[in-house]
Amino acid sequence: PDENITREQIAAIFERYAHFKGMETNCTGDLSQFTDLESVSDWALENVSWAVGAGLINGKEGNIIDPKGNTTREQAAIMLERLIINLAPV
């Protein structure tokens, strides 16, 4: 509980929560646009793809997704807002 959360971890948490709440989780994003795609963990690849496709996560400067980078409070708040606004229950 005292550790930072990475961008790929928050993508997994939000995707699982969205699925649990009956929200759309079938969309996928094109991760090939990010130069650091190979640094996304295998277990998180579908989660990150969903988060990009759902518009929750955008790339960072330098055209990277930065999956192992820490999620800032600002980023977490923006992603949560996007989750609430963009994804209607199915």
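The values are calculated or read from the model by the stated rules, or taken from the named source; none is laboratory data. Here the structure is a predicted model, which means the values were calculated and not measured. We place every Cβ from the backbone using ideal geometry, glycine too, and count neighbours over all the protein chains shown. Accessible surface is based on the protein model in full, side chains and every heavy atom, while ligands, DNA and RNA are left aside. Shrake-Rupley method; radii C 1.70, N 1.55, O 1.52, S 1.80 Å.
Go through (1) of a type in the set (D, E, K, R); (2) open to solvent by 60 Å² or more (accessible area, probe 1.4 Å); (3) in a helix (DSSP H, G or I) and name the single condition ASP2 misses.
Only one criterion is unmet by ASP2, namely (3).
In this structure, does LEU83 turn out to be in a loop (DSSP other than H, G, I, E, B), in contact (Cβ under 8 Å) with a residue 12 or more places away in the chain and among the aliphatic types (A, V, I, L, M)?
no
Just need a number here: residues in region 59-80 that are among the basic types (Lys, Arg) and assigned to a helix (DSSP H, G or I).
1
Which members of region 17-38 meet the condition of being farther than 14 Å from MET79 by Cα, open to solvent by 40 Å² or more (accessible area, probe 1.4 Å) and out of contact with any strand residue (DSSP E or B) (no Cβ under 7 Å at 6 or more places or on another chain)?
Once the filter is applied, which keeps residues that are farther than 14 Å from MET79 by Cα, open to solvent by 40 Å² or more (accessible area, probe 1.4 Å) and out of contact with any strand residue (DSSP E or B) (no Cβ under 7 Å at 6 or more places or on another chain), region 17-38 yields HIS19, PHE20, GLU24, ASN26, THR28, ASP30, SER32, GLN33, LEU37, GLU38.
Here is a list of conditions, (1) more than 18 Å from GLY69 (Cα to Cα); (2) touching a residue at least 24 places away in the same chain (Cβ under 8 Å), and HIS19 meets all of them except one; can you say which number that is?
(2)
Give just the number: which of (1) out of contact with any strand residue (DSSP E or B) (no Cβ under 7 Å at 6 or more places or on another chain); (2) surrounded by 14 or more Cβ atoms within 10 Å (Cβ to Cβ); (3) acidic (Asp, Glu) does GLU81 not satisfy?
(2)
Taking region 41-63 only, how many residues are over 21 Å from LEU83 (Cα atoms) and surrounded by 15 or more Cβ atoms within 10 Å (Cβ to Cβ)?
0
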